[in-house]
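For reference, the structure is listed below as structure tokens.
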Amino acid sequence: MRMAKLFGRTVREVPADAEFPSHQLMVRAAMIRPLGAGIYTLMPLGYRVVKKVEAIIHEEMDRIGGQELLMPFVHTADVWKETERYYQIGPEMARFEDRAGRDMVLAMTHEEVVADLLRTDVNSYKQLPQIVYHLQTKWRDEPRARGGLIRVREFTMKDSYSLDVDEAGLEESYEAHAEAYDRIFTRFGLDYIKVGADVGMMGGSKSEEYMAFSPHGEDVILICPNGDYAANREVAIYQQFPASDAEMLPLEEVETPNASTIQGVADYLDVPLEQTAKAVFFMAGEQFIFLVIRGDLEVNETKLRNALQVSDLVPATTEQIAAIGAVAGYASPIGVHDATVVVDESVAKARNLVAGANKEGFHVRNSNVGRDYEADLIADVAAAAAGHLCPVCGEPMVTRRAIEVGNIFKLGTRYTEKLGATYLDQNGKAQPVVMGSYGIGVGRSAATAVEQYHDDKGIKWPISIAPFHASLLSIGKDEDVIATTDALYAQLGAAGVEVLYDDRNERPGVKFNDADLIGNPIRLSISRKTLDAGEVELKLRSDDNSINVPLDGIAGHVRELVDGMLAELQPVG
RNA sequence: CGGGGCGUAGCGCAGUCCGGCAGCGCGCAGCGUUCGGGACGCUGAGGUCGGAGGUUCAAAUCCUCUCGCCCCGACCA
């Protein structure tokens, strides 16, 4: 590609609304352009990256026997009504009516459509197992789209669906995907980890996420330094604190004026946070949830939802808190009514905690579960934090932020049962197809690579997904230089090297800076000086130094360099 | 959904408090000089000031409504 003809210009100014490096750099490098919040055009340079991401995904999906198809982006609402997600999913699903007044939705995912296909096209165990996949647009109306391609509303996702006769088959399909995903993300060059994730309460039996490390990630992962455990904070467990064997002391009311926060109480009474019990209030529909947790811990709402088997959980209002007899700021379960009391294990294992007295300005010392109040449910609902002990080996865990670039999920028969997607087994008996679903964010993977590979000058693409292998710059207006660069451009192309040729009539500084910004891994520059020496300057984007190499045989040399760089990203085995 | 901020030329911004010719930098076009890390000079094109309504002799500026975009929050009472 000749840059003089390239559609899209690089820009010097950082866009005012771009926060993340990937967002800023991809806009500046003319790879993406926003149309609206969370909606982007992929410009020619950006689309080349996405095409490479997709090509790698194709190769690896085909490798495990996946068959590509293409399911529609616009769905009739019928199938979504059959699985009831039409009613369960909120405003993030776009709904509209066609001209005849039929309910329609824009695809957020394709489980329903796959299950629908099964009804007509799979009726026998002989037709299973199968893996189907596609790369298709999704629309999810996120409450807060932000961060360029990392969190968008319209995006392309690779989603695949495994179809098996039983759990054992699903296990095989799941593992095949796990292997394919490892190969895919390795080939992207991403620094990532596979972690345990929330399976949700709806039938899924196992789910894992592929998390790429980034300080701008929206997820927090707990990691055991020994490699024994890694999980999303949404579900991360930790080795529980040892149970206290202290004597239960008599309950004692103490005045705590103006100490309405747990930290304030601990400071005022001069006790550590671990010796306090704090109250957190939720409404699960009409049910009041009174949660008690150790003062130093935070609630993990996902764990709480799972423990309670509810999907709808919102913070209670001040009025609702007062209605059960609790006093906000000075609350404890002692003496409250009409509330489901959930006690975190941290509190159940502790003794003699400071808690609220349900009286403005007062707390109690030495509260104990079972003696002073009863728990309706004792469960682990605390968010794991850095320093908490690995549930496997007991080593203190660390936390890291990460971006979810893929997930694999054992769905089971949830969708196939609801939609009646059954096959006949060897005994002629109808059985629901056992499904798995597996996603990869295409644009997000590309943007995540930028998050991981950039400096203050621009992007440093891994060669596997770089828009071009090399940038070729002609330096100066010397006609010999231009003629030589033109010739080299042709030679490189013939050698199978993808080249972005900066043939613009620009000053050297402009060309160097744009080459750095766009971030192709190899840079070749020819000037009067190098030409006189019969050489080309060769510089890697990942390296600060450049070397001059002979013009003679340069195309073959670069080709070898490209192959070598690609080989480094090949998964082992 | 709650709170805050911002919409002025392709991009980044000033002007708004205190109403009175719509500006600056980058980019863009032309000419000249320059040419290995975002050059310089001169000339020029480009904006119904997000939109609608109102107040006024006069509105980017004041008032009302509306649309869009961004940030924080939406567990610790």
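Read-outs: derived from the displayed coordinates by stated rules, not from any lab. Here the structure is a predicted model, which means the values were calculated and not measured. Note: ideal-geometry Cβ built from the backbone for every residue, glycine included; neighbour counts use all protein chains shown.
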Notebook entry, point to check: Between A:HIS58 and A:ASP544, what FRET efficiency comes out of the Förster formula 1/(1 + (r/R0)^6) with R0 = 45 Å and r the beta carbon distance, rounded to 0.05?
Noted result: 0.80
Check: On a 0 to 90 degree scale, rounded to 10, what angle separates helix A:508-518 from the longest Cα axis of chain A?
Finding: 40
Item checked: Positive-end residue, chain A charge dipole about Cα centroid, Cβ charges, pick of A:SER207, A:MET157, A:CYS224 -> A:MET157
Notebook entry, point to check: Among A:272-279, A:106-113, what's the highest-first ranking by average C-beta atoms within 10 angstrom per residue?
Noted result: A:106-113, A:272-279
Next item on the list: Calculate, for A:ALA37 and A:ASP456, the FRET efficiency according to 1/(1 + (r/R0)^6) with r their C-beta to C-beta distance and R0 35 Å; round to the nearest 0.05.
Entry: 0.80
Note to self: Under 8 Å for C-alpha pairs, at least 6 residues apart: give me the relative contact order for region A:77-118, rounded to a whole percent.
What the structure shows: 38
Next item on the list: Report the extension gain between A:GLN570 and A:LYS529 in nm, rounded to one decimal, defined as 0.36 nm multiplied by the number of residues separating them, less their alpha carbon distance.
Entry: 11.0 nm
Checklist line | Net length gained if the chain between A:ASN505 and A:LEU249 were fully extended (0.36 nm per residue, minus Cα distance) | finding: 83.7 nm
Margin query: Assuming 0.36 nm per residue, please report the length gained on full extension of the stretch A:GLN263 to A:ASP198 beyond their Cα-Cα distance.
Written below: 20.3 nm
Next item on the list: Please list the non-local residues whose amide H lies under 5 Å from the amide H of A:ASP455, H modeled 1.01 Å from N, same-chain partners needing a gap of 5 or more.
Entry: A:LYS460
Checklist line | Total formal charge among the other residues, if their Cβ is under 9 angstrom from that of A:VAL442, Lys/Arg +1 and Asp/Glu -1 | finding: +1
Note to self: Projecting each Cα onto the charge dipole of chain A (Lys/Arg +1, Asp/Glu -1 at the beta carbon, about the Cα centre), which of A:SER173, A:ALA246, A:THR256 comes out farthest on the positive side?
What the structure shows: A:SER173
Checklist line | Net charge contributed by nearby residues that have their C-beta within less than 10 Å of A:LEU540 (K/R +1, D/E -1) | finding: +2
Next item on the list: Treating the angle as unsigned and between 0 and 90°, give the value, to the nearest 10°, between the Cα long axis of helix A:167-188 and the longest Cα principal axis of chain A.
Entry: 50
Checklist line | Coordinate range along principal axes, alpha carbons of chain A, Å, largest first | finding: 94, 67, 50
Check: What nm distance separates the two modelled labels at A:GLU560 and A:GLU479, each placed 7 Å from Cα along Cα→Cβ?
Finding: 3.6
Checklist line | Neighbour net charge for A:PRO333 - beta-carbon separation under 15 angstrom, K R +1, D E -1 | finding: -1
Margin query: I want to check the label-to-label distance for A:THR399 and A:VAL271. Put each point 7 Å from Cα in the C-beta direction and report it in nm to one decimal.
Written below: 2.5
Checklist line | Computed [θ] at 222 nm, deg cm²/dmol, chain A (DSSP H ≥ 4; -39,500 (n - 2.57); rounded to nearest 500) | finding: -8000 deg cm²/dmol
Next item on the list: With 29 Å as the limit, write out which pairs from A:LYS194/A:LYS429; A:LYS81/A:LYS138; A:LYS126/A:LYS418 have Cα-Cα distances beyond it, or answer none.
Entry: A:LYS194/A:LYS429
Check: Which value, in debye to the nearest 20, gives the size of the charge dipole of region A:468-568 about its Cα centre, when Lys and Arg are +1 and Asp and Glu are -1 at the Cβ?
Finding: 200
Note to self: Among A:429-437, A:207-215, how do they line up by average Cβ neighbours within 10 Å per residue, starting with the highest?
What the structure shows: A:207-215, A:429-437
Margin query: Would any residue of region A:343-358 have its amide N under 19 Å from a label point 7 Å out along Cα→Cβ of A:GLN287? List them or say none.
Written below: A:343-345
Notebook entry, point to check: So if we plug the beta-carbon distance of A:ASP166 and A:ALA323 into 1/(1 + (r/R0)^6) with R0 = 45 Å, what FRET efficiency do we get, rounded to 0.05?
Noted result: 0.35
